[in-house]
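Asker: Structure incoming, see below.
The values are calculated or read from the model by the stated rules, or taken from the named source; none is laboratory data. Note that the structure is predicted; figures quoted are calculated from it, not measured. Glycine also receives a Cβ, built like all others from the backbone with ideal geometry; neighbour counts cover every protein chain displayed.
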Amino acid sequence: MSDSDWGTAALLTAILAEVPEFLRQLRDWSFWQDYGFFLQTRWGVLLFLAAMPLVWLFQFLAPRRWWLVFLTTLSLAFIAFTLVPWPVNGALPRGVPLPGAPAEVPLSWQHRAVLGIFHAGVVVTLLACVYGLARVGERKCRQVGENPWSPLRAAVLLLVVGYFGLYLVRHAIQTAGGRSHALEAWMLFPAFHETGLAFVFVKSVHYVWDSCRGRIYNTGWWRFLCWMTFFPSYRVGPIERYHDFYTQIHRCHRRWRASDLPHGVRRIVQGAAKGLLALFIVERAVPTLGEHFVKAGSVEAIPYLSLWVAAWTALAIGYLMLAGYTDIAVGLARLMGYRMVENFKWMFVSRNFVELWHRAHISMSHCLRDYCYYPLIRRGPFRRRPLMAAGARRSRREELTQLLRPGVNYYITFMLCGLWHAPVFNWLFWGFCTASGMMAFELWNWFWQRRARQNGRFYRLLRGLRIADGGLVGRVLGIAVTFNFFSVTLLALLGPQTFLLVLGELVRRPFTWIF
Amino acid sequence: MVADLATFRQMLHGVTGKEFDEQTVTEQTSFRDDLGLTSIQTVDLIMAIEERFGIEIEDVDLGKLRTIGESIAYIKDKTQST
């Protein structure tokens, strides 16, 4: 083994050596205080396990309407009392992203309770605006008749402007109030992706769009509010479609299977374990990785495997945090007999980048596909031209042009997805990198389909080696390439300079070994 | 025009350029998992279906057409209602 290999082995050994210390720390109350923000926002929903007996009481004894009212009330209480952090030792807990604030921000329980109730009020007001927009859009689209796209486009545009406008409102409050109002601004409009507003936006697009198209009938404000605020999945999903939600709600009213309890508990425990593992990686593995990189001095001096460990760590953190919360949401809902959609389906065995996005964060990627990608590629300025109408098979150049032009829609979709996470350049760049991965696969697929049609010697050889045409070796290679490519795209969140530096090293070094 | 497996074999050949036999193309065949269609190819197939059967498929319905069987059922449902 080379010196650099020993470097990565030492790194992994150092990370594993942190495990006993981390487990010991879990028994220390001050650790839970220090990580109050992380734990409250990840596991706060578990407090609602205590409310399950009451939920079951209403589920089985109350009429459906009152059960929905109870669920809505519980969900609003969840929004008011668990989404934003409670004080620890009279101050905001460590880890709250509060730009411009001092190291310790004093916060009393009363102040926090008032801010929480106010935040819930803001959410209800925003939802009322969305509901009103859907009603107006629905009426206008009915008046316009056969081609209701203009009122629909206007409604969706208003939603998008409103969503990003909230960021500006928060910034205005922070700027006008100075540091003294940073806390209030943050509490009123906390990091959207941490506290549900980002997912409320996606559900709003779905609701407004489908209402305008006549696919969702108005069943009243309370049902809308119940669906929008459903507490197990309010914070980070999964995103339930309106009809799917009510199908499940109707199915589980006064109906419950014995298998729901163990299944629900198992998923909750699984989710909590993933959250704990994510905490270990963030609290122990990442600083150790950082020390290792600082010791190396420059990117060129970092061992090759260590660069991959960094990429895999980024993927692990993202997956464990999101999948962990999803498991808790699915488990909590299952305790009520409600079967929530799954957000992850064996994403690490995806054979290509397109398949990955059908296995990872499924509910979100399906919304992106249905409300952004498909409308763009079918009706947008870079739409796909019909193949069948072309008659004879096109030349290679024509085929390539017909592939690259609608491929722009991948870029639009994923860059919008990046901005949805946060309107900052690094997320936009992540969207660009992800779309590039999708395009790379489309081009790769097109290239090999041409080869398959020609059925030349090289293609027949690859098929014989079980690499081409869905062979086992090809599938394993596909899984490895997809997994590593996805890990590397997450490094785009560090910014273009760092990303290109790391990517350059990952690509360059194997060539220097070979040549 | 009848929505059946033979029609789908023809349309899939037009979209991918590949010949599919009767064992590969069944009602349970998944466009993505079994035939490896990409998103752009799925859109090509949908446009071919719309043109051939004279129907309009909503964007939000595209995601539900995962297998050939589901697509045949959808086409029959749409053509009967129009």
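Asker: Within the range A:251-285, restricting attention to residues that are of a type outside the set (D, E, K, R) and not in a helix (DSSP H, G or I), which residue is surrounded by the most Cβ atoms within 10 Å (Cβ to Cβ)?
Answerer: Keep residues of the range A:251-285 that are of a type outside the set (D, E, K, R), which gives A:252-253, A:256, A:258-259, A:261-265, A:268-273, A:275-282, A:285.
Add one more test, that the residue is not in a helix (DSSP H, G or I), and what stays is A:253, A:256, A:258-259.
Values: A:253: 19, A:256: 15, A:258: 7, A:259: 10.
It comes out as A:253.
Asker: Please enumerate the residues belonging to the range A:434-458 that are under 30 Å from residue A:421 (Cα atoms), touching a Ser or Thr at 6+ places or on another chain (Cβ under 9 Å) and more than 8 Å from chain B (Cβ to nearest Cβ).
Answerer: A:434, A:435, A:436, A:437
Asker: Right, here's the next one. Which one is farthest from the other protein chains (Cβ to nearest Cβ), of the residues in the range A:227-250 that are part of a helix (DSSP H, G or I) and surrounded by 22 or more Cβ atoms within 10 Å (Cβ to Cβ)? First the steps, then the outcome.
Answerer: So the first thing to find is which residues in the range A:227-250 are part of a helix (DSSP H, G or I), and the list is A:227-229, A:231-234, A:242-250.
Filter once more, keeping what is surrounded by 22 or more Cβ atoms within 10 Å (Cβ to Cβ): A:227-229, A:231-234, A:249.
Working: A:227: 17, A:228: 18, A:229: 23, A:231: 26, A:232: 23, A:233: 19, A:234: 23, A:249: 20 Å.
Restricting to residues being part of a helix (DSSP H, G or I) and surrounded by 22 or more Cβ atoms within 10 Å (Cβ to Cβ), the top hit is A:231.
Asker: Please go through the range A:56-73 and pick out each residue that is buried (at least 18 other Cβ atoms within 10 Å of the Cβ), touching a residue at least 60 places away in the same chain (Cβ under 8 Å) and out of contact with any Leu (no Cβ under 7 Å at 6 or more places or on another chain).
Answerer: The answer is A:59, A:67, A:68, A:71.
Asker: While we're on this one: I'd like the residue in the range A:403-431 that is buried (at least 17 other Cβ atoms within 10 Å of the Cβ) and of a type in the set (Phe, Trp, Tyr) and, out of all such residues, is nearest to the other protein chains (Cβ to nearest Cβ).
Answerer: A:410
Asker: Out of the range A:296-319, which residues are in a helix (DSSP H, G or I) and without any contact (Cβ under 8 Å) to a residue 24 or more places away in the chain?
Answerer: A:301
Asker: Quick check on the range A:401-423. Is at least one of its residues modelled with pLDDT under 90 and hydroxyl-bearing (Ser, Thr, Tyr)?
Answerer: Checked against the condition, which is being modelled with pLDDT under 90 and hydroxyl-bearing (Ser, Thr, Tyr), the range A:401-423 yields at least one hit.
Yes or no, residue by residue, for (1) more than 20 Å from residue A:375 (Cα to Cα); (2) in contact (Cβ under 8 Å) with a residue 60 or more places away in the chain; (3) not acidic (Asp, Glu):
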site: B:12; (1), (2), (3): yes, no, yes
site: B:26; (1), (2), (3): yes, no, yes
site: B:30; (1), (2), (3): yes, no, yes
site: B:45; (1), (2), (3): no, no, yes
site: B:48; (1), (2), (3): no, no, yes
site: B:56; (1), (2), (3): no, no, no
site: B:65; (1), (2), (3): no, no, yes
site: B:76; (1), (2), (3): yes, yes, yes
site: B:81; (1), (2), (3): yes, no, yes
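Asker: Right, next: I need the helices (runs of 4 or more DSSP H) fully contained in chain B, keeping only those with at least 1 residues that are more than 10 Å from chain A (Cβ to nearest Cβ) and under 19 Å from residue A:453 (Cβ atoms).
Answerer: B:5-16
Asker: Which of the residues that make up the range B:18-38 are out of contact with any strand residue (DSSP E or B) (no Cβ under 8 Å at 6 or more places or on another chain) and surrounded by fewer than 14 Cβ atoms within 10 Å (Cβ to Cβ)? Give the steps one after another, and end with the answer.
Answerer: Let us first name the residues in the range B:18-38 that are out of contact with any strand residue (DSSP E or B) (no Cβ under 8 Å at 6 or more places or on another chain), namely B:18-26, B:32-38.
Answer for the range B:18-38, where residues must be out of contact with any strand residue (DSSP E or B) (no Cβ under 8 Å at 6 or more places or on another chain) and surrounded by fewer than 14 Cβ atoms within 10 Å (Cβ to Cβ): B:19, B:21, B:22, B:23, B:24, B:26, B:33.
Asker: Name the residues in the range A:273-297 that are at pLDDT below 90 and under 13 Å from residue A:46 (Cβ atoms), would you?
Answerer: Hits for the range A:273-297 are A:275, A:276.
Asker: Also, quick follow-up: Determine, yes or no, whether residue A:372 is within 11 Å of chain B (Cβ to nearest Cβ), surrounded by 20 or more Cβ atoms within 10 Å (Cβ to Cβ) and within 30 Å of residue A:195 (Cα to Cα). Write out each step before concluding.
Answerer: Details: within 11 Å of chain B (Cβ to nearest Cβ): yes; surrounded by 20 or more Cβ atoms within 10 Å (Cβ to Cβ): yes; within 30 Å of residue A:195 (Cα to Cα): yes.
So residue A:372 fits the description; yes.
Asker: Just to be sure before I move on: is residue A:343 polar (S, T, N, Q), crowded, with 19+ Cβ neighbours inside 10 Å and more than 13 Å from the chain's Cα centre (by Cα) in the structure I sent?
Answerer: no
Asker: Considering each residue of the range A:204-226, count those that are more than 14 Å from every other protein chain (Cβ to nearest Cβ) and either modelled with pLDDT of 95 or more or part of a helix (DSSP H, G or I) (or both), and give that number.
Answerer: Number satisfying all stated conditions: 7.
Asker: Continuing with the same structure: In the range A:194-226, what residues are surrounded by fewer than 19 Cβ atoms within 10 Å (Cβ to Cβ) and either free of Cβ contacts under 8 Å to residues at least 40 places away in the same chain or among the small types (Gly, Ala, Ser) (or both)?
Answerer: Of everything in the range A:194-226, those that are surrounded by fewer than 19 Cβ atoms within 10 Å (Cβ to Cβ) and either free of Cβ contacts under 8 Å to residues at least 40 places away in the same chain or among the small types (Gly, Ala, Ser) (or both) turn out to be A:214, A:215, A:217, A:219, A:220.
Asker: Here is a further query. Out of A:233, A:259, I need the residue that is at pLDDT 90 or above and of a type in the set (S, T, N, Q). Which one? Step through it out loud before you land on a result.
Answerer: Numbers: A:259 fails: at pLDDT 90 or above.
None of the other options fit; the residue is A:233.
Asker: Moving on. If you scan the range A:377-386, which residues turn out to be surrounded by 21 or more Cβ atoms within 10 Å (Cβ to Cβ) and either without any contact (Cβ under 8 Å) to a residue 24 or more places away in the chain or more than 10 Å from every other protein chain (Cβ to nearest Cβ) (or both)?
Answerer: Matches in the range A:377-386: A:384 only.
Asker: Can you tell me how many residues within the range A:227-268 are free of Cβ contacts under 8 Å to residues at least 12 places away in the same chain and over 27 Å from residue A:365 (Cβ atoms)?
Answerer: The number of residues fulfilling the criteria is 3.
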